[in-house]
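Student: This is the structure I want to talk about, given as structure tokens.
The values are calculated or read from the model by the stated rules, or taken from the named source; none is laboratory data. These numbers come from a predicted model, not from an experiment. Please note: Cβ atoms are built from the backbone with ideal geometry, for glycine as well, and neighbour counts cover all protein chains shown.
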Amino acid sequence: MLAIYAPYVEQTAITFEYDVPTTDDFRQRLLNVQAKYPWIVAQEDGRIVGYAYASAFEERAAYQWAVETSIYVDSSMKRCGIGRQLHEALEQRLKAEGILNMNACIAFIETEDEYLTQDSVRFHEQLGYKKVAHFHQCGKKFSRWYDMIWMEKIIGEHK
């Protein structure tokens with residue numbers, strides 16, 4: 001999974017992380033997530049081709065029905081339906097756990113460049129997410145400023 005994530009760090013503005021985490025750091029992230037939330041892995045012919053997970057939207061108790069979601073697909077397997085399958089599996093698990101809101105934090109730029117496209121925004125829109133927040137020039141990577149947007153999908157009834 002770290003081999004899937006590393007190119008996102010090194011070659012894109014999709015994540016605002018500058019350095020690829022160590023294997024131990026990445027393993028600890030996985031364990032931290034799995035202590036409370038699902039982490040789902042997609043495989044093809046025994047090879048990991050993507051993963052998705054949920055994490056706390058915010059730590060305070062009042063936010064316990066909302067999560068932040070993340071999906072990463074092997075760059076050689078993009079546009080093959082893996083991201084959608086991962087999201088569907090993640091959404092079903094989260095619904096079963098009583099989660100009501102799925103939130104995605106997405107790097108954004110008005111005019112696409114070699115480090116960032118609007119593919120993630122389009123992907124989330126196709127899944128039923130709506131843009132709910134836009135922060136301007138809040139992340140700097142590759143000597144360029146990028147925006148960040150939040151998109152949200154309501155998956156349960158707020159009673």
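Student: Take the range 66-79 and flag every residue that is surrounded by 15 or more Cβ atoms within 10 Å (Cβ to Cβ) and either closer than 17 Å to Met102 by Cβ or not charged (D, E, K, R) (or both). Please lay out each step first, then the result.
Tutor: Taking the range 66-79 as the starting set, the residues that turn out to be surrounded by 15 or more Cβ atoms within 10 Å (Cβ to Cβ) are 66-74, 77.
Ala66, Val67, Glu68, Thr69, Ser70, Ile71, Tyr72, Val73, Met77, listed by residue number.
Student: I'm trying to understand the selection: among the residues of the range 103-147, which are in contact with a Gly (Cβ under 9 Å, 6 or more places away or on another chain) and in contact (Cβ under 8 Å) with a residue 60 or more places away in the chain?
Tutor: Answer for the range 103-147, where residues must be in contact with a Gly (Cβ under 9 Å, 6 or more places away or on another chain) and in contact (Cβ under 8 Å) with a residue 60 or more places away in the chain: Ala107, Tyr146.
Student: Do we find that Glu59 is within 29 Å of His158 (Cα to Cα), free of Cβ contacts under 8 Å to residues at least 12 places away in the same chain and exposed (fewer than 13 other Cβ atoms within 10 Å of the Cβ) in this structure? I'd like the intermediate steps shown before the answer.
Tutor: Values: within 29 Å of His158 (Cα to Cα): yes; free of Cβ contacts under 8 Å to residues at least 12 places away in the same chain: yes; exposed (fewer than 13 other Cβ atoms within 10 Å of the Cβ): yes.
Taking the combined requirement at face value, the residue satisfies it.
Student: Within 17 Å of the chain's Cα centre (by Cα) and touching a residue at least 40 places away in the same chain (Cβ under 8 Å): is that true of Tyr18 in this structure?
Tutor: yes
Student: Give Ala66, Ala89 a once-over and let me know the one that is free of Cβ contacts under 8 Å to residues at least 40 places away in the same chain and more than 11 Å from the chain's Cα centre (by Cα).
Tutor: Matching residue, one of Ala66, Ala89: Ala66.
Student: Look at the range 44-101 and say how many of its residues are modelled with pLDDT of 95 or more, of a type in the set (Ser, Thr, Tyr) and closer than 25 Å to Arg27 by Cβ.
Tutor: Number satisfying all stated conditions: 6.
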